[in-house]
Amino acid sequence: MLDALSWLATQIGLGFYHFFYAISHPGLWLDWSNKESLMRFVYYGASVELFFVLFDIFLVITIAGLIWRRFMWGCVRVLEGFANAVGRTAAWAGLIMVAQQTLVVFLQSIFRLGEITVAPLGLGLSYSVGWWSEGLKFWNAVVIALCVSYTLVQGGHVRVDLIYAPLKHRAKRLVDMFGALLLMVPASILTWMYAWYFLWRHLITPKVSASDQLDLMLRKSSIVKWNVETIGFSPDGFNGYFLFKILMLCFVALVVLQAIAFFYRCFLEYVEGEASAGKYLDRDTLGEGEEAYEGTH
């Protein structure tokens, strides 16, 4: 037990050192013209060191928020505002998906075209109908990955519970805080670790894995080269499947940020009482007279 506590304290202390060292030496991990820098970026992107750097930032912000409650409310408003901005923008992908599906069906069924060219402002994209048809999955993935935290802010996720609804205000906030920190965050961290290397194994060769140590990755840097995945499920199908792996990381990052915002909000609503429920909450509305449909869209 003492060894574990000692290790934790050491890692928390090293987190501050690694943070300041990283921002004072950006070339060591951001200069991708140097292959060793690229491999450092890959290694540290899902490392214990990065976790404790982010954990230290969370600790500092949380302590500051406990001292200055207005600062914590400000963090909530910024994080929820960011989730809303990303979600409201990404939601337009749904319209693009519908328009693209209509275009594919219309041109293929009526005009029997085997290739579709779209050239806005003279910049042409000419691909087979199969490419455009498979590409619909990308827009669907954009909506799912980038609107997840926005949907949570808007209260749009489906919830099935047996004990939560009858609980009083403060009991609900305790349950929400527990869920945010001990369910959402650990699950997201685990997903990030798998998704990070899943992405890079389809961007560079030789392949990297979570079990590779830094010295091994640096030795691999002498032969590393870009090998971006461009193979589709069919010969003329959508060939940008590496974008789905990037969206997976975006999804996890948004969930973590919203988990922190949700934890802060629940804590503040617990401390300040039921009168603070929904304070500064920016939710979409269908307009006056549509209250009966709120929360069902």
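The values are calculated or read from the model by the stated rules, or taken from the named source; none is laboratory data. Being a predicted model, the structure only gives us computed values, none of them experimental. Glycine gets a Cβ as well: all are built from the backbone with ideal geometry, and neighbour counts include every protein chain shown. Each accessible area value is taken on the protein alone, full model and side chains, heavy atoms only, with ligands, DNA and RNA left out. Shrake-Rupley method; radii C 1.70, N 1.55, O 1.52, S 1.80 Å.
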Alpha carbon centroid spacing (whole Å) that separates region 1-30 from region 120-199: 30 Å
Contour minus Cα-Cα distance for L136 and I163 (0.36 nm per residue): 5.8 nm
Compute the accessible area per residue over the chain, keeping the other protein chains in place, probe 1.4 Å, unit Å². 60 Å²
Helix hunt in the chain: which complete DSSP H runs extend at least 27 Å axially by C-alpha with mean Kyte-Doolittle at least -1.0? 2-24, 48-67, 69-90, 242-272
Along the Cα→Cβ direction, 7 angstrom out, place labels at I231 and W7. What is the inter-label distance in nm? 3.9 nm
If the chain between R70 and I246 were fully extended at 0.36 nm per residue, the gain over the current Cα-Cα distance would be 59.9 nm
Need one number: nm distance between label points at R283 and F178, each 7 Å from Cα along Cα→Cβ, rounded to one decimal. 2.4 nm
Whole-percent carbon and sulfur share, accessible surface of the chain, 1.4 Å: 69 percent
If every Lys and Arg gets +1 and every Asp and Glu gets -1 at its Cβ, then about the Cα centre the chain yields a dipole, in debye to the nearest 20, of 360 debye
Sort the following peptides by mean Cβ neighbour count (other Cβ atoms within 10 Å, averaged over residues), highest first: 23-33, 199-209, 147-157. 147-157, 199-209, 23-33
Which order do the peptides 46-53, 164-171, 265-272 take when ranked by the mean count of other beta-carbon atoms within 10 Å per residue, highest first? 265-272, 46-53, 164-171
List, in the order given, every pair from K172/K245; K172/K279; K207/K245; K225/K245 whose Cα-Cα distance in the structure shown is over 24 Å. K172/K245
